[in-house]
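The block underneath contains the structure these notes are about, expressed in structure tokens.
Every number here is computed from the coordinates shown, using simple stated rules; none is lab data. Small disclaimer: the values here were computed from a predicted structure and weren't measured. Because the Cβ atoms are built from the backbone with ideal geometry, glycine has one as well, and the counts that use them run over all protein chains shown.
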Amino acid sequence: MELFRNTNIDFLGKKWYFLAFSLIFSVAGICSMLFWHHIPWGVEFRGGTLVYVKFAQTPNLDQIRRDMDRAGLKDPKIQNFGPASDNEVLIDLGIQETSEAALDKGKNTIIRTLEPQSDSGKQDLNNTGAAGLQAYLMQKDPMHLGTDAETRYTQIAHQIDDFRNQQRGGILTSIDDLRGIAPPEVVSALQQDFFTSNFVVRNVEIVGPQVGKQLTKQALYATLYSLGGMLVYLWFRFELIYGVGAVVACFHDTIITVGFFSLLNKEISLTVIAAILTLIGYSMNDTIVVFDRIRENLKLMRREPLADIVNKSINQTLSRTILTSGLTFLTVLSLYIFGGEVLRGFSLALVIGILIGTYSSIAVAAPMLVAYQDYRARKAGQATVERLSAQQRSKATNNKVKVKA
């Protein structure tokens, strides 16, 4: 299947436009990484504590940020998480301890900050787990169960916890919601000592600074090893210049993709690194297709200039490139739009990478090959001229010696 045949687009004639485009985005991305947002590493790389909070109503991020600031938490990263209807917020606290205490520290910090001050004397039922409910009921013993208390109160605590999480999305609007779920004596006791806030801390994740540094180093090594392996492969399959051109194109794609994340201030997580490695392979495959056609045409069109051969090769593979890249792009674009917050960074990296990877195979790798071969031809021609000049000077010197004799 082909979209069109016999195209004759002068891609190499537009190489200066391509160069300007690449320079603009590469320099902008590098400047952002060096001076503006820097590389926005995710919590996996820099270390920190992530707290996922669900609200009963649409959360006010500015108000949450002000509450965090009053609690002494400076510059926390706060953003919506998941679909808007879920009313969930992701808060990056920057707490970098790796112990179990750090989990409780992050959770308790959020709870203390967001809880209404008027109810500070009571416990928050929405942020009390089954174990905490069981301990409270065992101590209070509202049903006067005696020896059978532990088994019965454990069952009641898990019933309340399951009802809250499975049927009410983790948030009870009132303790009266438990009527019919828990015995009346338990509900009355909870009303005395508990209240229901409008939020719940759903999950806490931590990554220590040492782990973050190790992951950063491994991500860098994985990228460099992949580029080095591809260079060696293309060196043996084609020539060294083919491998250098393909690796430069992949490096160009990586710089622009990471630069986009820096310009947009989007965090680079482990899934984004996986996407970058994926697009390196994708871009390399597209470049190899073009190089393979160039090698075939070099055998068939020996007398034509290399620039014409490269242009013809790109045009011959253009339909295949648009079909494969277009379908892949539509797939990852759908993943970006409908995949949810968890896959947002991964799919965004692929959306940018597929566009830039397809572009670089045509606008970076191929022109670099032609430029190098032209340089070799000029150098060889200059060497030939210098050799002929030297021969002429030597011949002239010999003639003068003969005349004098």
Problem set entry | Positive dipole terminus of the chain, leading residue within N87, L190, I175 (C-beta point charges) | N87
Exercise. What net charge do the residues around N8 carry, taking every other residue with its C-beta under 12 Å from that of N8, with Lys and Arg at +1 and Asp and Glu at -1?
Worked result: 0
Seminar exercise, completed: Toy charge model, Lys and Arg Cβ at +1, Asp and Glu Cβ at -1: the chain dipole around Cα centroid in debye, rounded to 20, equals 3780 debye
For this session: Distance from a point 7 Å along Cα→Cβ of F163 to each backbone N in region 177-198: keep the residues under 17 Å and list them by number.
Result: 177-197
Exercise. For the cross-link pairs K77/K105; K77/K107; K15/K312; K105/K266, which exceed 21 Å when the distance is taken from alpha carbon to alpha carbon?
Worked result: K105/K266
Exercise. Which is farthest toward the positive dipole end of the chain among N60, Q214, I352, measuring Cα position about the Cα centre, with Cβ charges +1 (Lys, Arg) and -1 (Asp, Glu)?
Worked result: I352
For this session: Among I110, N297, V51, pick out the residue whose Cα is farthest towards the positive end of the charge dipole of the chain, where Lys and Arg carry +1 and Asp and Glu carry -1 on C-beta, about the Cα centre.
Result: N297
Seminar exercise, completed: Env charge @ D177, Cβ radius under 15 Å, K,R +1 / D,E -1, value -1
Exercise. Between R179 and K77, what length in nm is gained on full extension when 0.36 nm per residue of separation is reduced by their alpha carbon distance?
Worked result: 32.9 nm
Problem set entry | Relative contact order of the chain, pairs being alpha-carbon contacts under 8 Å that are 6 or more residues apart, as % | 24 percent
Exercise. Efficiency by 1/(1 + (r/R0)^6): what FRET value for T7 and F35, r their Cβ-Cβ distance, R0 = 51 Å, to the nearest 0.05?
Worked result: 0.75
